[in-house]
Amino acid sequence: MEETLEFAALLRLMDERSTVFRAAVAAAPSLDVRVPTCPEWTLFDLVQHLGEGRRRWAAIVAAGPADAPPVVSAPVPPRDREALLAWFAASTEELLGALREAGPDRGCWTWWGPSQSPQTTGAVARHQLQQVAVHTYDAQVAVGAPQPLPDEVALDGVDEFLTTCVATTAAWPHPPAVVDYHATEGRSWRLWFSADGARTARVPASVAGEGPEVAYVSARGTAHELVMFCYGRISMDALQLDGDRRVFDQLIAWEPEV
C-alpha cells in the first residue's frame, strides 16, 4: 500500500500549486471576474481568502501545541493586481517558512481533532496543499482554462479528504453503510459508517465486490474527479456510480458535530 506524500514533497507541491494559482490570476482580464465554483466570490475574493489562510495557518504552526488558534491580524490585501500577487506570494512563503521551521512532527492546534488525521504540522501541510490545489482549479475555471490536478496531488487529496474531513467519532445518523471510492489510477478507499462514527482505509482494488463487506455504493473516476466531487466542484453524476446513491445524498447532507 502506497505511503502518503513525504513532507518535503508536500512543501514543494504547495509552492508549485501557488505559482500556478498566481499565473491563473495574472491571466484574468480583471480581478472582478466571478469564480463559478465559488459563486459568491470574485477572483480578488479568492486570492484574499487563500492568502489570509496562508498567514493564519503560519501563525498556528508557529504557535505549536495549543488548545485554540492564535489571534491573527492579517494585513489588508492590496487591490492592485501586481501588488496583490506579491502579497499572496509573501503569504505562501510565510506558511512554507513556518512549516520548514517546525518540521512534520510538531503538534499544533487543528480543527480536525476527532478525525483520523494527526494534530501535527505534517497534517497541516497535507491539508493546506489540498486547499491551494482546489482553489487553483477554481481560479483556472474562472479564466476558462481548467486543468486537472497533478496525479500525485489528486491521489493524496482523496486520501487526505477522507481521513481529515470525513472520518469522525460522531455517530452516523442513518443505517450502517459501506462506501467505496475507486480512482482509475489504481487506488481505492473504503468508508465505514455506523453509530461509532466514520472511519476510512485504503483497500486493494481487488476487494471491490468481494467478501462479506460489499459496498452499498461506490464511486469511480479519476483521482482529480474524486477530489472535485469531495469538495463539491462536480456532482456525483460526473462519476461512475454503482449501488444505492442515496447513501451519497446522506453523506453530502451530513454535518457531524462532536
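The values are calculated or read from the model by the stated rules, or taken from the named source; none is laboratory data. Everything numeric in this text was worked out from a predicted model, so none of it was measured. All Cβ positions, glycine included, derive from the backbone under ideal geometry; neighbour counts span all protein chains shown. Each accessible area value is taken on the protein alone, full model and side chains, heavy atoms only, with ligands, DNA and RNA left out. Shrake-Rupley method; radii C 1.70, N 1.55, O 1.52, S 1.80 Å.
Between Cys165 and Glu16, the modelled label-to-label distance comes to 2.1 nm, taking each label 7 Å out from Cα in the direction of the beta carbon.
The relative contact order of segment 138-227 comes to 32 percent, based on Cα pairs under 8 Å that sit 6 or more residues apart. Centre-to-centre separation between the Cα atoms of segment 81-97 and those of segment 39-61: 11 Å. Note on the chain: with a GNM built from Cα contacts shorter than 10 Å, the maximum mean-square fluctuation among Thr163, Thr92, Thr37 falls on Thr37. Taking every C-alpha pair closer than 8 Å and separated by at least 6 residues, the mean separation divided by the residue count of the chain gives a relative contact order of 17 percent.
What percentage of the solvent-accessible surface of segment 1-144, computed with a 1.4 Å probe over protein heavy atoms, is contributed by carbon and sulfur atoms?
Details: 3340 of 6440 Å².
Roughly 52 percent of what the probe reaches on segment 1-144 is carbon or sulfur.
Each pair of Cα atoms in segment 132-258 enters the Kirkwood radius, and Stokes-Einstein at 25 °C and 0.890 mPa s then converts it into a translational diffusion coefficient of 163 µm²/s. The residue among Leu50, Thr163, Phe248 whose Cα reaches farthest toward the positive pole of the charge dipole of the chain, with charges on the beta-carbon of Lys, Arg, Asp and Glu, is Leu50.
Take segment 1-133 with all the other protein chains still there, run a 1.4 Å probe, and you get 47 Å² of accessible area per residue. Summary value for segment 1-83: 18 percent relative contact order, contacts being C-alpha pairs under 8 angstrom separated by 6+ residues.
Sequence-ordered 3J(HN,Hα) estimates for segment 215-230 from the Karplus curve with 6.51, -1.76 and 1.60 and θ = phi - 60° stand at 5, 5, 8, 9, 10, 10, x, 5, 4, 4, 5, 5, 4, 5, 5, 4 Hz, glycine and proline given as x. A Förster radius of 25 Å, combined with the Cβ-Cβ distance separating Ala9 from Ala145, puts the computed FRET efficiency at roughly 0.45.
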